[in-house]
Amino acid sequence: MIKLYGSAQSRAARCLWALEEAGLKYEQVLVAFGSETRAPAYLKINPNGHVPALDDNGTIIWESMAINLYVAEKYAKALWPSTVESHAACYQWSLWAMTEVETPLINILMHRIVMPPEQRDEKVAQAGVEALKAPCKVLDDHLRKSAYLLGEEFTIADLNVASVIGLAQLIQLDLSAAPKAVEWLNKCLGRPANQRVGTMK
């Protein structure tokens, strides 16, 4: 059976979402940050000491985006497009979400919510807000052409990007300057598979 290591309160959430969309039977293995992710047994699975990690009957994959692309290509025909060109678009948007969007969002999250008040730096948070303006415009402009990132159907590209930008809702970031992106994000996050992940540990 497939095992997915990590909680729904971590980057593993996007992998749980992909597994749910694929309709796969799997076991979620909760791994606590710190002591458990640094334990020798877990380091054999992910030598980086992070979650998530996937064990597909002996095939071990770590890095959440790599896990999701693998799950879609191997198991979820509805999420994985049919052409090499569209595969490239899936890679493009998934990597874009990590390089252009995730770090500013995490900086805002850390300096407005997670860190103790005395350690927060609003300048760092505001820099994150400013850094997100350009990629949000890129996304919004693209979504004026089609309902989803690759056309009229939801794919793993949408899941991966929405799983990152969804942090904006947690930190109550104003995305009103990108209305098409907001409309798309709400559609993606409202999918039943993602709603199920929202009830998980």
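The values are calculated or read from the model by the stated rules, or taken from the named source; none is laboratory data. Predicted model only: the values in this text are computed from it and were never measured. Please note: Cβ atoms are built from the backbone with ideal geometry, for glycine as well, and neighbour counts cover all protein chains shown.
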For this session: Could you please find all residues in region 76-124 being within 18 Å of the chain's Cα centre (by Cα) and among the hydroxyl-bearing types (Ser, Thr, Tyr)?
Result: Tyr91, Ser94, Thr99, Thr103
Problem set entry | Verdict on Glu27 being under 27 Å from Glu73 (Cβ atoms), among the acidic types (Asp, Glu) and under 18 Å from the mean Cα position of the chain (by Cα) | no
Seminar exercise, completed: Per the filter on region 24-58, residues in contact (Cβ under 8 Å) with a residue 24 or more places away in the chain and of a type in the set (A, V, I, L, M) are Leu24, Val29, Leu30, Val31, Ile45, Val51, Ala53, Leu54
Exercise. Within region 61-70, how many residues are assigned to a helix (DSSP H, G or I) and out of contact with any Gly (no Cβ under 9 Å at 6 or more places or on another chain)?
Worked result: 6
Seminar exercise, completed: Of the conditions (1) in contact (Cβ under 8 Å) with a residue 12 or more places away in the chain; (2) part of a helix (DSSP H, G or I), the single one that Leu175 does not satisfy is (2)
Exercise. So which residues in region 178-200 are of a type in the set (A, V, I, L, M) and either in contact (Cβ under 8 Å) with a residue 24 or more places away in the chain or not in a helix (DSSP H, G or I) (or both), if there are any at all?
Worked result: Ala178, Ala181, Leu189, Ala193, Val197, Met200
For this session: Would you confirm whether any residue within region 119-138 is surrounded by 17 or more Cβ atoms within 10 Å (Cβ to Cβ), in contact (Cβ under 8 Å) with a residue 40 or more places away in the chain and under 20 Å from Ala193 (Cα atoms)?
Result: no
Exercise. Do we have Ala168 as among the small types (Gly, Ala, Ser), farther than 22 Å from Cys15 by Cα and at pLDDT 95 or above here?
Worked result: no
For this session: Within region 91-101, identify whether any single residue is acidic (Asp, Glu), modelled with pLDDT of 95 or more, under 15 Å from Ala157 (Cβ atoms) and in the same structural domain as Leu175 (by TED's automatic domain parsing), and answer yes or no.
Result: yes
Problem set entry | Among residues of region 144-172, those that are buried (at least 20 other Cβ atoms within 10 Å of the Cβ) and not in a loop (DSSP other than H, G, I, E, B), counted | 11
